[in-house]
Amino acid sequence: MNVSPVQRRPAGSMTNLLHLADARARRRTITFDRLELNRLVGLYSQRVSTGEWRDYAIDFKPGMAVFSIFRHTAEQPLFSIVKLAPGRERQPPWVISSGPRRVAQRETLDDTLKVFDRQLRLLG
């Protein structure tokens, strides 16, 4: 008895194509550069000095880097500042979210952080 581990498929049955360039782009790690990190930590330090914020976390997920800000360590983040991979569906690369709500989306980090100049705070 001759059993082959490879099953033959009829010609034309491949329906999913994988574009290698797209797969590589998804794997690429997005990070904050030194200037971006200095701006984020500077804003964080200002709010810590007023007692408003107490902790932060930096995460690297596929296609994005996330700087999350917490009032208390054990809570969900008050705000998340996200840097998206370039070319993601033509969206601006910087996003501020609060839970499921998108608070702002801008082209530059400085424009994005101006949202906090308006004394953006969560009620509650």
Where a residue in region 68-79 is over 8 Å from residue 54 (Cα atoms) and its partner, wherever it lies, is assigned to a loop (DSSP other than H, G, I, E, B) and charged (D, E, K, R), with Cβ under 8 Å and at least six apart
78/71
Select from region 68-91 the residues that are within 13 Å of residue 106 (Cα to Cα) and at pLDDT 85 or above and list them in ascending order.
81, 82, 83, 84
Matching residues, region 44-90, being basic (Lys, Arg) and within 16 Å of residue 112 (Cα to Cα):
83
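The values are calculated or read from the model by the stated rules, or taken from the named source; none is laboratory data. Note that the structure is predicted; figures quoted are calculated from it, not measured. Positions of Cβ are generated from backbone atoms using ideal geometry, with glycine treated the same way; all protein chains shown enter the neighbour counts.
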